Amino acid sequence: MKVLNPPLVACRVGFMSLGQRLGSSLVIVVGIACVIGVSLSMLSITEGLVRMFSAGGDSSHAIVYSAVGQREGGAGLDRSSVGIILNAPGIAVGPDGKPLASAEIIESLPPAAGFSEGSLNLRGIGPEGSALMPGFKIVSGRMFRSGARELIVGQSAESEFGLKVGASVIMPNGEWPIVGAFTANGSYAESQLLGDAETVMSAARVADYGGVLVQLRSAAVFDEFKRWLTTNPALSVTAERQSDYLERTANRYSSFFTTFAYFIGCLMAMGAIFGSIQIMFSTVEARTREIATLRAIGYGPLAIAASFLFETIFLSLIGAVLGSIAARLLFNERQAISGDAIFRLRISGQMMVFGLVAAACLAILGGLMPAIRAARLPVARAIRAE
Amino acid sequence: MRCYTQAVGPLFRLGSRSGDVRMKYWPLVQSALLRRPAEASLTLLAVTCGFALFGFMIALNAAYWRVIDSARVDRIYVNSRFDDPNGLPIALEKKIEAIDGVTRAGAFRWVSGYHQDPRHFASVYTVDGGMRFGWSEFPLTASQWDELFASGTGIFATKKAAERWGLHRGDTFEISTKPQVREDRASGWTFHVLGIVPDDPEWDEGVLVGSYRYAENARSAATRGRVLGFRVAVRDPARAAAIARQIDQTFANSDTPTKSVTSRDNAEAQARSGIAIASLTWGVGIAGLFMIVFLTGNSIAQSVRRRIPEFATLKAIGFTDVRVMKLVLMEAAIPCCLGAAVGTGLAAAFVAVPRRYIPRGLLNVPHPAVSVATLEWALGSALLIAIAGAVLPIVRLRHLNVSVALGGRAP
């Protein structure tokens with residue numbers, strides 16, 4: 001004889017009557033779909049920002065910048081300081097014997113109409129600059145020539161600001177043509193225009209660099225490299241691994257959205273939990289005779305409680321799947337801009353799994369009390385219930 | 001039928017042809033609402049959470065619009081077109097003031113460095129006399145402006161800035177810069193706090209305001225005579241955009257081209273350039289309401305389904321469909337409106353949380369304020385939700401077969 005698992009049988013009985021409770025079941029599904037959908041949509045901003053910033057990071061790259069500015073492009077580094085930095089130990093050298101480093105400058109350009117000041121940046125890079133960008137690739141046109149008044153545009157900036165190859169950008173000393181478009185693993189650099197650092201500095205009448213990006217021989221030499229720079233009395237600089245620097249920058253951009261997403265998610269989740277408890281209590285009431293019958297023919301209180309809990313989890317998971325799919329269809333890979341960072345919203349598979357787990361937890365919180373009540377129903381009285 | 005008789009009793013005792021109809025209905029509604037206090041409380045809690053979210057979103061949305069709406073329409077920001085680190089010559093101030101329609105122009109320049117530790121970036125926003133007009137919304141009295149320009153090293157700190165640096169009236173505030181910044185090669189700037197003034201919404205983290213003349217006289221001779229930008233007051237707000245274009249045209253072919261934008265356009269561009277918080281708040285708020293509609297609708301539907309015989313009795317003794325509809329609507333509206341009021345109160349409590357307890361990530365948004373308008377929005381939405389939730393049960397009751405329902409059979 002086939003032995004049936006009591007909780008499974010109790011669950012099956014419950015599921016068979018779901019059709020009669022379609023309205024209330026739908027409320028749980030919709031409630032959880034709203035919670036998970038909204039939370040994932042908000043978190044897609046954080047995920048997109050983090051993906052963009054981490055795409056450009058490399059732990060064997062280091063950024064050196066002024067100790068006062070505390071960031072790349074802050075207070076300037078004069079040429080003599082850059083010369084000293086390039087002699088620091090640990091910097092990798094190229095086939096020509098020159099250090100693999102790029103002294104860079106970031107200049108803000110007047111953006112297209114409708115965008116705020118500071119949303120479009122031009123990065124002046126050294127001859128090794130493009131080699132230090134992971135995944136750098138010219139996708140249309142050509143690379144700018146060193147010393148020429150030419151620019152190339154990142155794909156994100158191209159689509160956001162409409163800066164096409166062949167167009168030109170007004171600079172202080174005239175119009176500079178955009179001669180190419182590039183990608184760089186979807187990194188922050190794609191939000192910018194690139195040009196030759198020396199030519200950009202000359203046009204902008206700037207004497208100091210904003211920072212120096214260097215390729216280290218290995219990630220392990222960073223500490224020694226940093227110590228040499230920060231203890232050098234001729235310098236007032238600090239160094240940071242590029243990956244750490246970009247992570248810090250990403251957090252600066254995304255902390256608001258992360259906090260906002262969790263705040264909203266928690267508030268909505270509380271509403272959904274109260275709603276689930278109320279609905280499941282009603283379900284217990286509607287199924288009183290059914291529960292009593294199961295108990296009378298030998299099913300234990302644990303099986304009854306499990307069936308209620310499984311039902312809540314089942315409905316919540318349906319809601320979570322619907323909410324995740326809706327959020328993914330609406331927002332995944334949509335381009336967005338935050339300050340000067342152009343990025344694509346992202347709802348990853350991992351986030352969707354997180355949504356399912358969160359929904360299951362909410363279901364347990366919402367279904368536990370009704371499940372206990374169902375398990376503790378007095379059989380003799382319940383079986384006579386109308 | 002115990003509850004029914006309890007409820008109907010007062011109806012006949014209190015009611016009269018000329019009596020208050022709402023008073024007659026109240027015992028019925030009350031008994032329906034309080035019959036299952038646990039369920040009613042859970043529904044109320046869920047609705048309250050939904051409206052707390054909705055209220056917060058409305059308040060945040062309003063805060064963004066407040067920033068835009070509060071932007072002066074009679075003011076233009078003039079900056080270097082290409083973000084020139086040397087800024088613009090102070091001489092442009094007189095040329096801008098000579099343009100038809102300009103009232104006055106105020107210049108500004110930062111004294112930037114660090115306070116005590118190189119990691120503690122600090123700056124003082126030094127301004128000249130034209131700022132009395134160009135930045136007239138800054139909460140300084142005429143005598144305080146006089147005091148600022150007369151004192152030289154004096155600064156006024158807004159509340160947030162004073163909190164950040166722990167400043168009080170009479171304190172000194174040191175900023176360290178590179179020695180070459182000052183003519184005397186000193187690396188420190190010592191300012192004296194003249195007073196703490198209310199915050200200006202333009203500065204999220206507060207601002208320290210000093211005198212441009214004093215800072216200029218202390219700078220190295222080679223770097224004097226420059227400003228970072230101007231705030232220009234114009235006579236006719238309707239002409240502000242045209243005057244901004246005229247300013248840019250005037251200096252377009254000069255060594256220092258300008259980029260001029262009205263305060264209002266600047267505020268709108270900033271709101272559009274970031275993630276569209278305003279539309280996000282609506283999206284989230286509507287998702288919250290959507291959840292409440294389903295919950296309330298289900299709750300009312302359940303309540304009506306359980307009390308079909310009672311409604312049949314009411315109809316049998318002469319209650320019209322309209323009266324029954326009013327009863328159901330009130331049953332739906334009361335928890336919704338109560339939840340809206342309590343939820344909006346909770347939202348008000350959230351926004352009243354002192355800044356030091358707010359997660360750092362949320363500090364950069366305009367501070368939301370829950371107003372009477374927020375409550376009105378919430379109550380209006382609550383009524384709409386109640387109507388939406390009550391529609392199906394009302395339709396069901398309209399088609400109720402009284403004899404079948406009274407016979408105890410499913411209608």
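The values are calculated or read from the model by the stated rules, or taken from the named source; none is laboratory data. All values derive from a computational prediction rather than experimental measurement. Note that we place each Cβ from the backbone using ideal geometry, even for glycine, and neighbour counts take in every protein chain shown.
Just one residue in the set B:Ala301, B:Ala312 is out of contact with any Ser or Thr (no Cβ under 6 Å at 6 or more places or on another chain), crowded, with 18+ Cβ neighbours inside 10 Å and within 13 Å of chain A (Cβ to nearest Cβ); that residue is B:Ala301. Taking the criterion of being among the acidic types (Asp, Glu) and at pLDDT below 85, the only residue of the range A:10-65 that qualifies is A:Asp58. Checked against (1) closer than 28 Å to B:Thr48 by Cα; (2) small (Gly, Ala, Ser); (3) surrounded by fewer than 24 Cβ atoms within 10 Å (Cβ to Cβ), A:Gly298 passes all but a single condition, namely (1).
Where residues in the range A:111-170 are among the polar types (S, T, N, Q) and more than 13 Å from chain B (Cβ to nearest Cβ), which of them is farthest from A:Ala184 (Cα to Cα)?
The extreme case among them is A:Ser168.
Taken across the range B:43-61, residues that are assigned to a helix (DSSP H, G or I), modelled with pLDDT of 80 or more and surrounded by fewer than 19 Cβ atoms within 10 Å (Cβ to Cβ) do not occur at all. Taking the condition within 14 Å of another protein chain (Cβ to nearest Cβ) and at pLDDT 85 or above, does A:Ile277 pass? Criteria met by A:Ile277.
Looking at the structure I just gave you, is A:Ala148 assigned to a loop (DSSP other than H, G, I, E, B) and at pLDDT 90 or above? Spelling it out, A:Ala148 is indeed assigned to a loop (DSSP other than H, G, I, E, B) and at pLDDT 90 or above.
Restricting attention to the range B:207-218, report how many residues are farther than 17 Å from B:Arg132 by Cα and either surrounded by fewer than 18 Cβ atoms within 10 Å (Cβ to Cβ) or at pLDDT 95 or above (or both). Counting residues in the range B:207-218 that are farther than 17 Å from B:Arg132 by Cα and either surrounded by fewer than 18 Cβ atoms within 10 Å (Cβ to Cβ) or at pLDDT 95 or above (or both) gives 2. Those strands (runs of 3 or more DSSP E) of the range A:163-218 in which 1 or more residues are in contact with a helix residue (DSSP H, G or I) (Cβ under 6 Å, 6 or more places away or on another chain), crowded, with 21+ Cβ neighbours inside 10 Å and touching a residue at least 60 places away in the same chain (Cβ under 8 Å) occupy A:174-184, A:211-215. Is there a residue in the range A:182-191 that is modelled with pLDDT of 95 or more, farther than 20 Å from A:Glu72 by Cα, of a type outside the set (S, T, N, Q) and in contact with an Asp or Glu (Cβ under 9 Å, 6 or more places away or on another chain)? Yes, the range A:182-191 contains a residue that is modelled with pLDDT of 95 or more, farther than 20 Å from A:Glu72 by Cα, of a type outside the set (S, T, N, Q) and in contact with an Asp or Glu (Cβ under 9 Å, 6 or more places away or on another chain).
For first residues located in the range B:241-259 and under 13 Å from B:Ala105 (Cβ atoms), partners that are charged (D, E, K, R) and lie 6+ apart or on another chain with Cβ distances below 6 Å form the pairs B:Thr258/B:Arg81; B:Thr258/B:Asp248.
Any idea which of B:Ile96, B:Ile58 is within 30 Å of B:Ala222 (Cβ to Cβ) and more than 13 Å from chain A (Cβ to nearest Cβ)?
B:Ile96
Within the range A:324-335, does at least one residue satisfy the condition of being within 14 Å of chain B (Cβ to nearest Cβ), closer than 30 Å to B:Asn266 by Cβ and buried (at least 20 other Cβ atoms within 10 Å of the Cβ)? Scanning the range A:324-335 turns up at least one residue that is within 14 Å of chain B (Cβ to nearest Cβ), closer than 30 Å to B:Asn266 by Cβ and buried (at least 20 other Cβ atoms within 10 Å of the Cβ). Answer yes or no as to whether A:Phe274 is under 21 Å from A:Leu22 (Cα atoms) and surrounded by fewer than 20 Cβ atoms within 10 Å (Cβ to Cβ). Judged against the criteria, A:Phe274 is not a match. Per the listing A:Glu290, A:Glu311, the residue uniquely out of contact with any strand residue (DSSP E or B) (no Cβ under 8 Å at 6 or more places or on another chain) and within 23 Å of A:Met352 (Cβ to Cβ) is A:Glu311.
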